[in-house]
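A.B. asks: Submitted below is the structure of interest, expressed as C-alpha coordinates.
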Amino acid sequence: INNFQSGSSEVETLRILLHGPQGAGKSSFFNSVNNVFEGRITTRALTQSINFGKSFTLEVKNDKTGSFFPFSFTDIAGMHNETKTGTIQTDDIIKLLKGHILDGYTFNPVKSIGEEDPKYKRNPVLKDRIHCLVAVISASTVSVMDEKIIKQMRDVREKARDLGIPQVIILTKVDEVCPLLKDNLEKIYTSKKIKQKVRFKCCSNCLGIPVSNIYPVKNYHEERATNATMDILILDALQNIVNFANDYVEDQTDNEKVPLKSS
Ligand SMILES: Nc1nc2c(ncn2[C@@H]2O[C@H](COP(=O)(O)OP(=O)(O)O)[C@@H](O)[C@H]2O)c(=O)[nH]1
Ligand SMILES: [Mg+2]
(Lines give C-alpha, C1' and ligand atoms only; values in the text may rest on other atoms or scores of the structure.)
(Ligands and ions follow the chains in the order given, each with its own letter.)
Protein backbone atom coordinates (compact mmCIF):
# COMPACT_ATOMS: atom_id res chain seq x y z
CA ILE A 1 0.00 0.00 0.00
CA ASN A 2 2.93 2.32 0.62
CA ASN A 3 3.85 2.15 -3.06
CA PHE A 4 0.33 1.96 -4.42
CA GLN A 5 -0.78 4.41 -7.09
CA SER A 6 -4.12 4.75 -8.76
CA GLY A 7 -4.22 3.02 -12.14
CA SER A 8 -6.15 5.86 -13.78
CA SER A 9 -4.74 9.28 -14.58
CA GLU A 10 -8.25 10.73 -14.12
CA VAL A 11 -8.55 9.56 -10.53
CA GLU A 12 -5.89 10.57 -8.07
CA THR A 13 -7.79 9.47 -4.96
CA LEU A 14 -9.93 6.35 -4.75
CA ARG A 15 -13.12 7.15 -2.85
CA ILE A 16 -14.40 4.59 -0.37
CA LEU A 17 -17.83 5.02 1.24
CA LEU A 18 -18.36 3.56 4.70
CA HIS A 19 -22.03 2.67 5.00
CA GLY A 20 -23.79 1.02 7.90
CA PRO A 21 -25.78 1.38 11.11
CA GLN A 22 -24.86 3.79 13.86
CA GLY A 23 -22.39 2.17 16.21
CA ALA A 24 -21.28 -0.52 13.74
CA GLY A 25 -17.69 0.69 13.89
CA LYS A 26 -17.27 2.94 10.82
CA SER A 27 -15.31 5.64 12.63
CA SER A 28 -13.35 2.99 14.49
CA PHE A 29 -12.44 1.31 11.20
CA PHE A 30 -11.11 4.55 9.80
CA ASN A 31 -9.16 5.16 13.00
CA SER A 32 -7.86 1.60 12.89
CA VAL A 33 -6.50 2.12 9.37
CA ASN A 34 -4.93 5.37 10.52
CA ASN A 35 -3.42 3.62 13.55
CA VAL A 36 -1.81 0.96 11.37
CA PHE A 37 0.02 3.59 9.35
CA GLU A 38 0.87 5.82 12.27
CA GLY A 39 1.95 2.89 14.44
CA ARG A 40 0.06 4.35 17.37
CA ILE A 41 -3.52 4.95 18.56
CA THR A 42 -5.31 7.91 16.95
CA THR A 43 -8.91 9.14 17.14
CA ARG A 44 -9.32 11.44 14.17
CA ALA A 45 -12.68 10.12 12.95
CA LEU A 46 -14.50 10.31 16.27
CA THR A 47 -14.07 14.04 16.59
CA GLN A 48 -15.68 14.43 13.15
CA SER A 49 -18.85 12.54 13.95
CA ILE A 50 -20.56 15.06 16.19
CA ASN A 51 -22.57 16.77 13.44
CA PHE A 52 -25.57 14.57 12.76
CA GLY A 53 -26.13 13.84 9.09
CA LYS A 54 -22.98 15.55 7.88
CA SER A 55 -20.78 13.78 5.37
CA PHE A 56 -17.06 14.09 5.72
CA THR A 57 -14.06 12.62 3.99
CA LEU A 58 -10.92 11.53 5.75
CA GLU A 59 -7.52 10.84 4.26
CA VAL A 60 -4.57 8.99 5.69
CA LYS A 61 -1.10 10.46 5.60
CA ASN A 62 1.86 8.40 4.43
CA ASP A 63 4.63 9.19 6.89
CA LYS A 64 7.23 7.83 4.49
CA THR A 65 6.41 10.30 1.73
CA GLY A 66 4.71 13.06 3.70
CA SER A 67 1.72 13.05 1.33
CA PHE A 68 -1.71 11.45 1.55
CA PHE A 69 -2.36 7.90 0.40
CA PRO A 70 -4.29 7.73 -2.88
CA PHE A 71 -7.52 6.67 -1.14
CA SER A 72 -10.04 8.40 1.12
CA PHE A 73 -12.93 7.35 3.33
CA THR A 74 -16.29 9.08 3.28
CA ASP A 75 -18.52 8.66 6.30
CA ILE A 76 -21.90 10.09 7.20
CA ALA A 77 -22.28 10.86 10.88
CA GLY A 78 -25.32 9.24 12.49
CA MET A 79 -26.57 7.78 9.26
CA HIS A 80 -29.23 5.63 10.90
CA ASN A 81 -29.96 7.48 14.07
CA GLU A 82 -33.70 6.98 14.32
CA THR A 83 -33.89 8.47 17.76
CA LYS A 84 -33.07 11.87 16.32
CA THR A 85 -34.66 12.93 13.08
CA GLY A 86 -34.89 9.68 11.13
CA THR A 87 -32.61 8.04 8.63
CA ILE A 88 -30.92 9.55 5.64
CA GLN A 89 -32.80 9.03 2.40
CA THR A 90 -31.72 6.16 0.20
CA ASP A 91 -31.90 8.47 -2.84
CA ASP A 92 -29.32 10.75 -1.30
CA ILE A 93 -26.91 7.90 -0.67
CA ILE A 94 -27.32 6.87 -4.30
CA LYS A 95 -26.56 10.45 -5.41
CA LEU A 96 -23.48 10.32 -3.22
CA LEU A 97 -22.43 7.07 -4.96
CA LYS A 98 -22.77 8.77 -8.32
CA GLY A 99 -20.68 11.75 -7.24
CA HIS A 100 -23.47 14.34 -7.10
CA ILE A 101 -22.90 15.34 -3.47
CA LEU A 102 -19.89 17.36 -2.38
CA ASP A 103 -18.11 16.79 0.89
CA GLY A 104 -19.51 18.55 3.93
CA TYR A 105 -23.16 18.32 2.88
CA THR A 106 -25.55 17.81 5.78
CA PHE A 107 -28.15 15.22 4.82
CA ASN A 108 -31.76 16.02 5.54
CA PRO A 109 -33.81 12.98 6.62
CA VAL A 110 -37.05 14.43 5.26
CA LYS A 111 -35.88 16.05 2.04
CA SER A 112 -33.54 14.81 -0.67
CA ILE A 113 -30.83 17.18 -1.93
CA GLY A 114 -32.04 19.57 -4.64
CA GLU A 115 -30.12 20.56 -7.77
CA GLU A 116 -30.02 24.15 -6.53
CA ASP A 117 -28.07 23.18 -3.42
CA PRO A 118 -24.51 24.58 -3.44
CA LYS A 119 -23.25 21.12 -2.43
CA TYR A 120 -24.93 19.51 -5.47
CA LYS A 121 -22.68 18.66 -8.40
CA ARG A 122 -24.56 18.50 -11.69
CA ASN A 123 -22.12 16.68 -13.93
CA PRO A 124 -19.92 14.45 -11.83
CA VAL A 125 -17.02 12.66 -13.52
CA LEU A 126 -15.28 9.42 -12.61
CA LYS A 127 -13.10 10.96 -9.89
CA ASP A 128 -16.19 12.30 -8.04
CA ARG A 129 -17.87 8.92 -7.79
CA ILE A 130 -17.58 6.38 -5.01
CA HIS A 131 -15.21 3.65 -6.21
CA CYS A 132 -15.89 1.06 -3.52
CA LEU A 133 -18.90 0.66 -1.25
CA VAL A 134 -17.99 -0.74 2.15
CA ALA A 135 -20.85 -1.95 4.33
CA VAL A 136 -19.74 -1.90 7.96
CA ILE A 137 -21.69 -4.34 10.13
CA SER A 138 -21.15 -5.43 13.70
CA ALA A 139 -20.82 -9.20 14.14
CA SER A 140 -22.49 -8.88 17.52
CA THR A 141 -25.71 -7.34 16.14
CA VAL A 142 -25.85 -8.69 12.59
CA SER A 143 -28.56 -11.18 13.53
CA VAL A 144 -30.80 -8.54 15.11
CA MET A 145 -30.40 -5.73 12.61
CA ASP A 146 -33.36 -3.46 12.01
CA GLU A 147 -35.44 -4.43 8.93
CA LYS A 148 -35.47 -0.86 7.67
CA ILE A 149 -31.71 -0.60 7.82
CA ILE A 150 -31.27 -3.93 6.05
CA LYS A 151 -33.65 -2.77 3.33
CA GLN A 152 -31.79 0.49 2.84
CA MET A 153 -28.43 -1.23 2.77
CA ARG A 154 -29.76 -3.68 0.21
CA ASP A 155 -31.24 -0.91 -1.95
CA VAL A 156 -27.95 0.99 -1.90
CA ARG A 157 -26.07 -2.19 -2.65
CA GLU A 158 -28.27 -3.04 -5.62
CA LYS A 159 -27.82 0.42 -7.03
CA ALA A 160 -24.06 0.18 -6.56
CA ARG A 161 -24.11 -3.17 -8.34
CA ASP A 162 -26.02 -1.63 -11.28
CA LEU A 163 -23.39 1.09 -11.44
CA GLY A 164 -20.66 -1.57 -11.38
CA ILE A 165 -19.23 -0.29 -8.09
CA PRO A 166 -17.45 -3.05 -6.13
CA GLN A 167 -18.69 -3.85 -2.64
CA VAL A 168 -17.36 -5.46 0.47
CA ILE A 169 -18.50 -6.01 4.02
CA ILE A 170 -16.32 -5.21 7.03
CA LEU A 171 -17.63 -7.35 9.87
CA THR A 172 -16.50 -5.61 13.07
CA LYS A 173 -16.52 -6.54 16.76
CA VAL A 174 -15.52 -10.15 16.17
CA ASP A 175 -14.08 -10.11 19.69
CA GLU A 176 -17.60 -9.66 21.09
CA VAL A 177 -19.00 -12.82 19.52
CA CYS A 178 -16.07 -15.12 20.03
CA PRO A 179 -14.40 -14.79 23.44
CA LEU A 180 -11.49 -16.97 22.29
CA LEU A 181 -10.38 -14.11 20.08
CA LYS A 182 -9.88 -11.81 23.03
CA ASP A 183 -6.68 -13.67 23.94
CA ASN A 184 -5.69 -14.88 20.53
CA LEU A 185 -7.01 -12.99 17.52
CA GLU A 186 -5.27 -15.39 15.15
CA LYS A 187 -8.05 -17.89 15.94
CA ILE A 188 -10.26 -15.72 13.73
CA TYR A 189 -9.23 -17.85 10.74
CA THR A 190 -10.59 -21.03 12.30
CA SER A 191 -13.38 -19.73 14.54
CA LYS A 192 -16.70 -21.49 13.88
CA LYS A 193 -18.64 -18.59 15.39
CA ILE A 194 -17.04 -16.13 12.98
CA LYS A 195 -17.70 -18.44 10.04
CA GLN A 196 -21.36 -18.59 11.05
CA LYS A 197 -21.58 -14.80 11.24
CA VAL A 198 -19.96 -14.39 7.85
CA ARG A 199 -22.39 -16.85 6.35
CA PHE A 200 -25.31 -15.37 8.24
CA LYS A 201 -28.13 -14.49 5.89
CA CYS A 202 -27.76 -10.78 6.49
CA CYS A 203 -24.24 -10.73 5.25
CA SER A 204 -24.21 -13.03 2.31
CA ASN A 205 -27.89 -13.55 1.49
CA CYS A 206 -29.84 -10.37 2.33
CA LEU A 207 -27.09 -8.07 1.29
CA GLY A 208 -26.04 -10.45 -1.47
CA ILE A 209 -22.33 -10.03 -0.96
CA PRO A 210 -20.25 -13.15 -1.60
CA VAL A 211 -18.51 -14.66 1.41
CA SER A 212 -15.12 -13.96 -0.19
CA ASN A 213 -15.79 -10.22 0.02
CA ILE A 214 -16.59 -10.22 3.74
CA TYR A 215 -13.71 -9.26 6.02
CA PRO A 216 -14.03 -9.93 9.73
CA VAL A 217 -11.91 -7.47 11.72
CA LYS A 218 -11.36 -6.32 15.23
CA ASN A 219 -11.09 -2.55 15.30
CA TYR A 220 -8.82 -0.69 17.63
CA HIS A 221 -11.20 0.47 20.34
CA GLU A 222 -9.68 0.02 23.78
CA GLU A 223 -6.06 -0.82 23.00
CA ARG A 224 -3.28 1.49 24.06
CA ALA A 225 -0.84 0.38 21.38
CA THR A 226 -0.99 -1.23 17.96
CA ASN A 227 -0.22 -4.92 17.42
CA ALA A 228 0.68 -6.99 14.39
CA THR A 229 -2.28 -9.40 14.37
CA MET A 230 -4.84 -6.60 14.39
CA ASP A 231 -2.82 -4.66 11.85
CA ILE A 232 -2.70 -7.63 9.48
CA LEU A 233 -6.49 -8.12 9.48
CA ILE A 234 -7.10 -4.42 8.94
CA LEU A 235 -4.47 -4.17 6.21
CA ASP A 236 -5.78 -7.26 4.44
CA ALA A 237 -9.25 -5.73 4.29
CA LEU A 238 -7.86 -2.36 3.20
CA GLN A 239 -5.60 -3.86 0.53
CA ASN A 240 -8.56 -5.65 -1.03
CA ILE A 241 -10.82 -2.59 -0.85
CA VAL A 242 -8.17 -0.47 -2.55
CA ASN A 243 -7.55 -3.13 -5.23
CA PHE A 244 -11.28 -3.43 -5.98
CA ALA A 245 -11.68 0.35 -6.14
CA ASN A 246 -8.70 0.53 -8.46
CA ASP A 247 -10.04 -2.24 -10.71
CA TYR A 248 -13.26 -0.25 -10.98
CA VAL A 249 -11.61 3.02 -12.05
CA GLU A 250 -9.37 1.15 -14.51
CA ASP A 251 -12.38 -0.60 -16.05
CA GLN A 252 -14.35 2.64 -16.21
CA THR A 253 -11.43 4.47 -17.81
CA ASP A 254 -11.09 1.70 -20.42
CA ASN A 255 -14.84 1.68 -21.09
CA GLU A 256 -14.87 5.40 -21.61
CA LYS A 257 -12.00 5.09 -24.05
CA VAL A 258 -13.74 2.51 -26.25
CA PRO A 259 -16.33 4.80 -27.88
CA LEU A 260 -13.65 7.44 -28.48
CA LYS A 261 -11.51 4.95 -30.38
CA SER A 262 -14.34 3.64 -32.51
CA SER A 263 -15.77 7.04 -33.42
N1 LIG B 1 -15.30 -4.73 21.03
C2 LIG B 1 -15.27 -3.97 19.93
N3 LIG B 1 -15.80 -2.73 19.97
C4 LIG B 1 -15.74 -1.98 18.84
C5 LIG B 1 -15.15 -2.45 17.63
N6 LIG B 1 -15.29 -1.49 16.69
C7 LIG B 1 -15.92 -0.45 17.28
N8 LIG B 1 -16.19 -0.73 18.58
C9 LIG B 1 -16.90 0.14 19.55
O10 LIG B 1 -18.23 0.35 19.07
C11 LIG B 1 -18.68 1.66 19.33
C12 LIG B 1 -19.19 2.33 18.07
O13 LIG B 1 -18.12 2.50 17.16
P14 LIG B 1 -18.06 3.72 16.11
O15 LIG B 1 -16.79 3.54 15.35
O16 LIG B 1 -18.27 5.03 16.78
O17 LIG B 1 -19.31 3.37 15.17
P18 LIG B 1 -19.96 4.24 13.98
O19 LIG B 1 -21.19 4.87 14.52
O20 LIG B 1 -20.28 3.23 12.91
O21 LIG B 1 -18.93 5.23 13.53
C22 LIG B 1 -17.50 2.37 19.97
O23 LIG B 1 -17.71 2.39 21.37
C24 LIG B 1 -16.30 1.52 19.62
O25 LIG B 1 -15.28 1.59 20.60
C26 LIG B 1 -14.58 -3.79 17.63
O27 LIG B 1 -14.06 -4.30 16.61
N28 LIG B 1 -14.67 -4.48 18.81
MG1 LIG C 1 -19.06 7.30 13.37
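A.B. asks: Is one or more of the residues making up the stretch 36-54 open to solvent by 20 Å² or more (accessible area, probe 1.4 Å), among the small types (G, A, S), farther than 17 Å from N243 by Cβ and at pLDDT below 90?
C.D. replies: Scanning the stretch 36-54 turns up at least one residue that is open to solvent by 20 Å² or more (accessible area, probe 1.4 Å), among the small types (G, A, S), farther than 17 Å from N243 by Cβ and at pLDDT below 90.
A.B. asks: Regarding the stretch 62-77, can at least one residue be identified that is of a type in the set (S, T, Y) and within 16 Å of ligand 2 (Cβ to nearest atom)? Before the answer, list the steps.
C.D. replies: Step one: of the stretch 62-77, the residues of a type in the set (S, T, Y) are 65, 67, 72, 74.
Right, trim to within 16 Å of ligand 2 (Cβ to nearest atom) and you get 72, 74.
Looking through the stretch 62-77, at least one residue is of a type in the set (S, T, Y) and within 16 Å of ligand 2 (Cβ to nearest atom).
A.B. asks: Still on this model: Of the conditions (1) surrounded by 15 or more Cβ atoms within 10 Å (Cβ to Cβ); (2) under 19 Å from the mean Cα position of the chain (by Cα); (3) more than 15 Å from L18 (Cα to Cα), V177 satisfies every one except a single condition; which number is it?
C.D. replies: (2)
A.B. asks: Say whether the condition of being within 16 Å of ligand 2 (Cβ to nearest atom) and modelled with pLDDT of 85 or more is met by at least one residue in the stretch 109-131.
C.D. replies: Taking the stretch 109-131 and keeping what is within 16 Å of ligand 2 (Cβ to nearest atom), we get none.
The answer is no, given that none of the residues of the stretch 109-131 is within 16 Å of ligand 2 (Cβ to nearest atom) and modelled with pLDDT of 85 or more.
A.B. asks: When you look at N31, is it within 16 Å of ligand 1 (Cβ to nearest atom), over 22 Å from F244 (Cβ atoms), in a helix (DSSP H, G or I) and touching a Phe, Trp or Tyr at 6+ places or on another chain (Cβ under 9 Å), yes or no? First the steps, then the outcome.
C.D. replies: Numbers: within 16 Å of ligand 1 (Cβ to nearest atom): yes; over 22 Å from F244 (Cβ atoms): no; in a helix (DSSP H, G or I): yes; touching a Phe, Trp or Tyr at 6+ places or on another chain (Cβ under 9 Å): yes.
For N31, the condition - within 16 Å of ligand 1 (Cβ to nearest atom), over 22 Å from F244 (Cβ atoms), in a helix (DSSP H, G or I) and touching a Phe, Trp or Tyr at 6+ places or on another chain (Cβ under 9 Å) - is not met.
A.B. asks: Can you tell me which residue among G23, G7 is part of a loop (DSSP other than H, G, I, E, B) and on the phi > 0 side of the Ramachandran plot?
C.D. replies: It is G23.
A.B. asks: Say we look at the stretch 11-28 and pick out the residues that are of a type outside the set (S, T, Y) and within 12 Å of P70 (Cα to Cα); which of these is nearest to ligand 1 (Cβ to nearest atom)? Outline the logic, then answer.
C.D. replies: So the first thing to find is which residues in the stretch 11-28 are of a type outside the set (S, T, Y), and the list is 11-12, 14-26.
Next, from what is left, pick out any that are within 12 Å of P70 (Cα to Cα): 11-12, 14-16.
Working: V11: 26, E12: 26, L14: 21, R15: 18, I16: 14 Å.
Once the filter is applied, the top-ranked residue is I16.
A.B. asks: If you don't mind, there's one more thing I want to ask. Looking at the stretch 158-198, which of the residues that are part of a loop (DSSP other than H, G, I, E, B) and closer than 30 Å to Y248 by Cβ is farthest from ligand 2 (Cβ to nearest atom)? Spell out the reasoning first.
C.D. replies: Taking the stretch 158-198 first, the residues part of a loop (DSSP other than H, G, I, E, B) are 163-166, 173, 178-179, 184, 190-191.
Then drop every residue that is not closer than 30 Å to Y248 by Cβ, which leaves 163-166, 173.
Details: L163: 25, G164: 27, I165: 22, P166: 23, K173: 14 Å.
Filtering the stretch 158-198 for residues that are part of a loop (DSSP other than H, G, I, E, B) and closer than 30 Å to Y248 by Cβ, the one farthest from ligand 2 (Cβ to nearest atom) comes out as G164.
The values are calculated or read from the model by the stated rules, or taken from the named source; none is laboratory data. What you are looking at is a predicted structure, and each value in this text was computed from that prediction instead of being measured. Heads up, the Cβs are rebuilt from the backbone with ideal geometry, glycines too, and the neighbour counts pull from every protein chain shown. The protein model used for the area step is the full one, side chains on, heavy atoms only, and it has no ligands, DNA or RNA in it. Shrake-Rupley method; radii C 1.70, N 1.55, O 1.52, S 1.80 Å.
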